[in-house]
Amino acid sequence: MNNNAAQKIRLIMELRRQGISDTSVLSAIERVPREEFIPKTFRDRAYENIALPIPSGQTISQPFIVAYMTQMLKPDPRRKVLEIGTGSGYQAAVLSHLCRRVYSLERFRSLQVEAVRLFERLKLMNITTKLGDGYKGWVEQAPFDRIIVTAAATEIPALLVDQLNDGGIMILPVGPEPSSQQIVKLTKDATGKVLEEELLAVRFVPLVQGLAVET
Ligand code: SAH
């Protein structure tokens with residue numbers, strides 16, 4: 001067994017101990033080669049349960065947070081999901097094994113372009129990405145059964161709630177400051193009424209309005 005495989009098994013066991021009980025989520029994590037989504041200098045740490053830096057000053061989340069948010073999203077093969085914040089593409093890759101279609105928006109063109117290349121190389125054919133401002137969602141593809149936001153907003157973005165299907169679930173970090181963010185779960189019932197629950201204290205990079213200016 002190569003070193004990565006052993007480290008990966010150890011990580012999966014740790015995620016189970018941390019309360020990730022959905023076996024479809026654990027096997028999706030097992031199938032995605034996290035080292036591919038990480039800059040070369042940090043690759044030997046790909047299966048540690050830690051967040052790591054990616055280009056453009058962003059981060060790939062800790063595997064526990066990816067697994068936790070994915071589990072709370074209750075993904076299934078009939079669902080169409082929107083992700084805000086493609087970043088490295090790792091979260092989208094995990095979702096691609098669990099959902100029918102994944103739509104993902106990123107405000108840095110360089111990150112979006114790299115993610116597309118990686119999805120092609122890994123043959124993840126059910127992910128569609130676009131350069132765009134996640135605050136506005138993806139009107140042409142709405143509504144979505146599931147929405148996951150991987151950057152923290154100060155308030156729940158109303159346009160995203162509008163693009164959530166009745167019966168849908170949205171998982172997102174929200175907080176006025178980095179020190180006081182919570183993962184929030186929104187559930188829209190069959191009549192369109194929205195229920196809000198706070199799940200877990202976290203620290204995410206900020207959700208920023210508008211496209212990034214890149215040199
Ligand atoms: N899901 C990513 C996490 C990346 S960090 C992964 O698995 O690697 C969050 C990402 O959200 C960053 O790439 C950041 O550029 C992006 N982001 C922040 N605000 C955004 C916005 N308004 N619209 C789209 N993407 C945004």
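Some observations on this one:
- Largest to smallest accessible area among 59, 41 [probe 1.4 Å]: 41, 59
- Entry note, the chain: relative contact order of 15 percent, from Cα contacts under 8 Å with a spacing of 6+ residues.
- Annotation: peptides 74-83, 61-70, ranked by per-residue average of other Cβ atoms within 10 Å with the highest first, follow the order 61-70, 74-83.
- Label-to-label distance, nm, for residues given as residue 214 and residue 27 (7 Å Cα→Cβ offset): 3.6 nm
- Simple spin-label estimate for residue 193 and residue 41 in nanometres, 7 Å along Cα-Cβ: 5.3 nm
- Of all DSSP beta bridges in the chain, antiparallel share, percent nearest 5: 45 percent
- Couplings 3J(HN,Hα) for region 118-130, derived from phi with the Karplus relation 6.51 cos²θ - 1.76 cosθ + 1.60 (θ = phi - 60°), are 5, 4, 5, 4, 8, 6, 9, 7, 9, 10, 10, 10, 8 Hz, where x marks Gly and Pro.
- Under the simplified labelling scheme, the residue 109-residue 203 pair shows an inter-label distance of 3.3 nm, with each label point 7 Å from Cα along Cα→Cβ.
- Those lysines that a straight Cα-Cα span of less than 29 Å connects to residue 136, excepting residues fewer than 8 apart in one chain: 74, 80, 123, 185, 188, 193
The values are calculated or read from the model by the stated rules, or taken from the named source; none is laboratory data. Not measured: the values here are computed from a predicted model. We place every Cβ from the backbone using ideal geometry, glycine too, and count neighbours over all the protein chains shown. Surface accessibility is based on the protein's heavy atoms, side chains included, excluding ligands, DNA and RNA. Shrake-Rupley method; radii C 1.70, N 1.55, O 1.52, S 1.80 Å.
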